[in-house]
Amino acid sequence: MASSTELQRGDGPSDSTSDSGSNSGRPRLLLVEDDDALRRSLVRILRREYAIDEAADGQEATEKLTKRTYDVVLSDINLPHASGVDLLRRVREHDLDVPVILMTGQPSIETAIQAVDLGAFTYLRKPFENGAVEQALSRASKLGRLARIKREALSNGGDGSALAGDRAGLTTSFERALDTLWLAFQPILDGRTQRTVGFEALMRCKEPSMPTPGAVLEAAERLDRIHELGRRVRERVAASFVPPAPDGMIFVNLHAAELSDPELYSEKSPLSQIAQNVVLEITERSALEDVAETRERAAALRKLGYRIAIDDLGAGYAGLTSFANLEPEVVKLDMSLVRGIEDSPVRYRIVEGITDLCRSLSMKVVAEGIETQPEFDQIQQLGCDYLQGYLFGRPKRARVAGTQRA
Ligand code: G
Ligand code: MN
């Protein structure tokens, strides 16, 4: 048999096995316990059911966790080098799904709370009652496999986001997203002169579990950290943008929840220093529920010098109510209205109608997502004020003249 299950040397835990418990046969268990006698006795009890890897301290456990996927982790709380709670935190950096069972001889409220916060599966008191470990492990490993299957199905099936089902994993991923956040800039052209008159700043990050800005926003929503994310983006925009001309524009996406962040309204905030150049985009997708409050907030932003744009107009979310409530200076047509407009009389009429309406209200129209020459030709005929899309330029990090300080 390939698996090592029991201590082979007297001086430490046995080394890894070669079969892959995750995919076939017995579930793979990482057992972390510094008490040699207890570890050995647990191995004896559990080796029939589990392919066991052992670690005698937090560091060794972390190394093993980075090398392979486990179905379940059983760990002591009081460990040399790193406590079981530290270990749990590290586990979540590598694996969002694996259930972790913590064991302790001296339970304390604090560690129990931390354990729950970090998504521990359960908490076992030593000495164990008969069958308690086996029972907890069996439930945990089954649920862990299920969570993994579910997540794999989810991430194969659609938007590419593999959001954590547990708070600890989500927090870790979100913080990595914040730490690795960067901005891409996509040019916006004047419809008549076809010169670049501004850029849209687009949030990007290097966190693999959050491959789209939508995934980062969803995590921020779930963790109630939208303000923090918004501040980070606005700070970065202010630090990197140099207008291509004195009246050059930088378009910045706002989440509806950012409208309740006091920092946004501060005259001292970094972005307020360049407010005259900034167009704040508020997506039509978001529900702006309180009309009176929305109007007041829009007025406060204008007083600071900002202009306001409705983003994704026509995507079919909030109807035209956000349009009426915000009275934006700029309207960005959703790219679904631009896509294939040359073959779609309905799209053409809709864009024509919105463009006419905006003109009569002195609002500027941006056509977003122009990818082809025929789309461009139709949009030109309709006389949209500004143009944006892959045809003119993709969002880029590289130093684009006018977007980033040297
Ligand atoms: O919701 P909002 O309009 O802010 O989203 C802009 C997104 O659209 C960006 O992520 C950007 O990369 C993408 N985008 C920009 N131009 C085009 C385009 O021409 N075609 C497509 N498919 N996407 C685009
Ligand atoms: Mn936008």
Checked segment 295-316 for anything acidic (Asp, Glu) and more than 13 Å from Ile354 (Cβ to Cβ); matches are Glu296, Asp311
Only unsatisfied item for Met203, checking (1) under 15 Å from the mean Cα position of the chain (by Cα); (2) away from ligand 1 (no atom under 16 Å from the Cβ), is (2)
Screening Asp247, Asp261 for residues that are away from ligand 2 (no atom under 16 Å from the Cβ), open to solvent by 10 Å² or more (accessible area, probe 1.4 Å) and not aliphatic (A, V, I, L, M) leaves only Asp247
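If you scan segment 25-43, which residues turn out to be of a type outside the set (D, E, K, R) and open to solvent by 60 Å² or more (accessible area, probe 1.4 Å)?
Gly25, Ala37
For Thr111, state whether it is of a type in the set (S, T, N, Q) and over 22 Å from Lys126 (Cα atoms).
no
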Arg295 - would you say it is open to solvent by 70 Å² or more (accessible area, probe 1.4 Å), over 27 Å from the mean Cα position of the chain (by Cα), modelled with pLDDT under 95 and within 16 Å of ligand 1 (Cβ to nearest atom)? no
Inspect all residues belonging to segment 386-393 and state whether any of them is open to solvent by 20 Å² or more (accessible area, probe 1.4 Å), within 27 Å of Leu183 (Cα to Cα), of a type in the set (A, V, I, L, M, F, W, C) and in a loop (DSSP other than H, G, I, E, B).
yes
Whether any residue in segment 200-215 is within 15 Å of ligand 2 (Cβ to nearest atom) and assigned to a loop (DSSP other than H, G, I, E, B) is what I want to check. yes
The condition of being more than 16 Å from ligand 1 (Cβ to nearest atom) and on the phi < 0 side of the Ramachandran plot holds, among Leu301, Leu333, only for Leu301
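The values are calculated or read from the model by the stated rules, or taken from the named source; none is laboratory data. Owing to the predicted nature of the structure, the values given are computational and were not obtained by experimental measurement. Here the Cβ is made from the backbone with ideal geometry for all residues, glycine too, and neighbour counts use every protein chain on show. Surface accessibility is based on the protein's heavy atoms, side chains included, excluding ligands, DNA and RNA. Shrake-Rupley method; radii C 1.70, N 1.55, O 1.52, S 1.80 Å.
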